[in-house]
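Report on one structure; see the data block that follows.
The values are calculated or read from the model by the stated rules, or taken from the named source; none is laboratory data. Quantities reported herein were computed from a predicted structural model and do not represent experimental measurements. Calculation scope for accessible area: heavy atoms of the full protein, side chains included, ligands and nucleic acids excluded. Shrake-Rupley method; radii C 1.70, N 1.55, O 1.52, S 1.80 Å.
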Amino acid sequence: MPIDPARRIPPDQEGTDDIEILEVVSVDENGEEIRDVPEEAASEDDVELVFEEPAESDTPPEPDRRDEEIRDLRDRLVRLQADFENFKKRGERERLDHLRYATSDLVARILPVLDNFERALLSVRPGGTADAVVEGIGLIHRQLLQILEKEGLRAMDSVGATFDPALHEAVATDPDPSAPPHTVTQVFQRGYFLHDRLVRPAMVRVRIGGDDDGDPGDRRES
């Protein structure tokens, strides 16, 4: 770029360090100062700088943000595990409480039976009649049986029935020829069902005899 000759540094100031440049201007080929250059006069080689906003990239989040998300997920997992453990413990407590108090209604209905037993024992006096005691015990037995029948208890009718090792426990034999072979002739302890499930087998005496004599208890495995 040419320098305006009128603005040259005086000779007496050459070589000095304290030089102040007041203004730098452009001059044309004739040495005249160029003030404003119209846009249409700009060179075709001029470069136009365009600044664009940076586009959003798909780059992964910063490491600090990923660590924060991982910590948040870990905390949520720990809380879920704690809630699940509390749920299991609470369910186990409720199950045990249910098993412990499931028969509370039945026990409450049996309490009057105990009251009647106590009254019967207090009514027994020296010199009293045995018939009154027997009658009182019979009433109490019927009362208790009625309560249990409402709960689904059913007594087994075994006398005269064919011996069944799944239902009967043979503890004695009967050689009486008047009874059919392998039939129950006496019950020592009654068997019971709860609804359709066997609660306790009956302890019975069984008639032996016929073509395959032997202990009926041995036929349980057959």
Residue hits (region 151-182; open to solvent by 50 Å² or more (accessible area, probe 1.4 Å), more than 18 Å from Arg200 (Cα to Cα) and not in a strand (DSSP E or B)) are Gly160, Pro175, Asp176, Pro177, Ser178, Pro180, Pro181
Which residue, of Pro112, Pro175, is under 30 Å from Gly209 (Cα atoms) and of a type outside the set (S, T, N, Q)?
-> Pro175
For Arg93, are the conditions met, namely being modelled with pLDDT of 85 or more, assigned to a helix (DSSP H, G or I) and open to solvent by 90 Å² or more (accessible area, probe 1.4 Å)?
-> yes
Considering each residue of region 186-201, count those that are closer than 14 Å to Leu145 by Cα and either in a strand (DSSP E or B) or of a type in the set (Asp, Glu) (or both), and give that number.
-> 3
